[in-house]
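The values are calculated or read from the model by the stated rules, or taken from the named source; none is laboratory data. Quick caveat, the model's predicted, so the values are computed rather than measured. Here Cβ is always computed from backbone atoms with ideal geometry, including for glycine, and neighbour counts include all displayed protein chains. Accessible surface areas use protein heavy atoms only, side chains included; no ligands, DNA or RNA. Shrake-Rupley method; radii C 1.70, N 1.55, O 1.52, S 1.80 Å.
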Amino acid sequence: MDSDLAPSHAGATPFAAMGWQFADDSAKPLDSQVAIEVPVNIRYGPVPYAVMMATPADLEDFAVGFSLSEGIVDQRSDIRGVGVTRAGGAVTLSIDLAPERFKRHLSRKRSLAGRTSCGVCGIEDAAALPMATHCVPGGSPPIKAQAVASALISLRGNQPLHGLTRSVHGAAWCDRKGQILLAREDVGRHNALDKLIGATLDRRDVSDGFILVTSRASFEMVEKAARLQAHTLVTVSAPTSLAVDRAQLLGLNLVSIARDDGCVVFAGELER
């Protein structure tokens, strides 16, 4: 994993709880860890935009990836800086947009509050659902099935917070051979993917690898992958029907129910 892209868990250290292990009609004390979850206030300039419940780590990556996923920016250079303020058990991300981007942002309206699972909370009408407009560029050969298997084998080793708490999601960027080059974690599956997108954007050739996430594939997870213009999204759990429809529309390879014993291709293809 690149040293400059290694995850930072500062401020996200789990705290201990007492657990018990049951075995052979007995109970033994067992240390347990609790994942940190805090409100993260997202502001563009002086204007509040959203409050997200998130793990307070890799927050600059989160700011960049969230901004891309929301359609507020198209590239990292659209963001001039990110300020991180921690106070009173909460975090504020102050995102400084380039002037033209900020002007465009002010013309849009969306209200979000405290989501950790729903990708569209705060949208006032179904007609306002984000529409797929960023089709994945063609020309990249499919990923081999064995690469998916290789990535799954090393996934847990790239989830240190999950190893301690068993309560956070992971998102990983893998090369064509299935080697995990970069991973991010968060209590929210959308947040974990946004952090990965923020760390990956404009830093890697996304036509030459794939995304692996530990969650199900919802339509917005597909949208986020397509916004990054990744060619393949692999998910540990199953997809929804809308996720499959969106993946087919966008030209994204969607591989789900990815487990030790196999996977299912719901859109696009894998190579033998």
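Overview of values
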{"read-out": "Student exercise, the chain dipole from Lys, Arg, Asp, Glu Cβ charges, in Debye to nearest 20", "value": "400 debye"}
{"read-out": "Relative contact order for the stretch 10-74, counting Cα pairs under 8 Å that sit 6 or more residues apart, in percent", "value": "25 percent"}
{"read-out": "Spread of Cα-to-Cα distances over 5 Å intervals beginning at zero, given as percent, for the stretch 182-272", "value": "3, 15, 29, 26, 19, 7, 1"}
{"read-out": "Translational diffusion of the stretch 119-272, µm² s⁻¹ [Kirkwood Rh, Cα pairs; Stokes-Einstein; 25 °C; 0.890 mPa s]", "value": "161 µm²/s"}
{"read-out": "Computed helical MRE - 222 nm, the chain, DSSP H runs ≥ 4 contributing -39500 (n - 2.57), nearest 500", "value": "-7500 deg cm²/dmol"}
{"read-out": "Stokes-Einstein D (µm²/s) once Rh is taken as the Kirkwood radius of the chain over alpha-carbon pairs, at 25 °C in 0.890 mPa s", "value": "128 µm²/s"}
{"read-out": "Long-range amide H partners of Leu182 with built H, under 5 Å", "value": "Trp173"}
{"read-out": "Distance histogram in 10 Å bins (all Cα pairs of the stretch 133-182, percent per bin)", "value": "23, 39, 28, 9, 0"}
{"read-out": "Peptide ranges 188-197, 171-180 listed from the most packed, as the mean C-beta count within 10 angstrom indicates", "value": "188-197, 171-180"}
{"read-out": "Lysines whose Cα lies under 22 Å from that of Lys177, excluding same-chain neighbours fewer than 8 positions away", "value": "Lys144"}
{"read-out": "Rounded percent of accessible protein surface that carbon and sulfur make up, the stretch 12-100, 1.4 Å probe", "value": "53 percent"}
{"read-out": "Difference of contour (0.36 nm per residue) and Cα-Cα distance, Leu242 to Ala17", "value": "77.1 nm"}
{"read-out": "Solvent exposure of the chain as accessible area per residue, Å², 1.4 Å probe", "value": "47 Å²"}
{"read-out": "The stretch 178-272, accessible surface, carbon-and-sulfur percent (1.4 angstrom probe)", "value": "45 percent"}
{"read-out": "Packing rank of 56-63, 233-240, 25-32, 261-268, where each peptide gets the mean count of other beta carbons within 10 Å, highest leading", "value": "56-63, 233-240, 261-268, 25-32"}
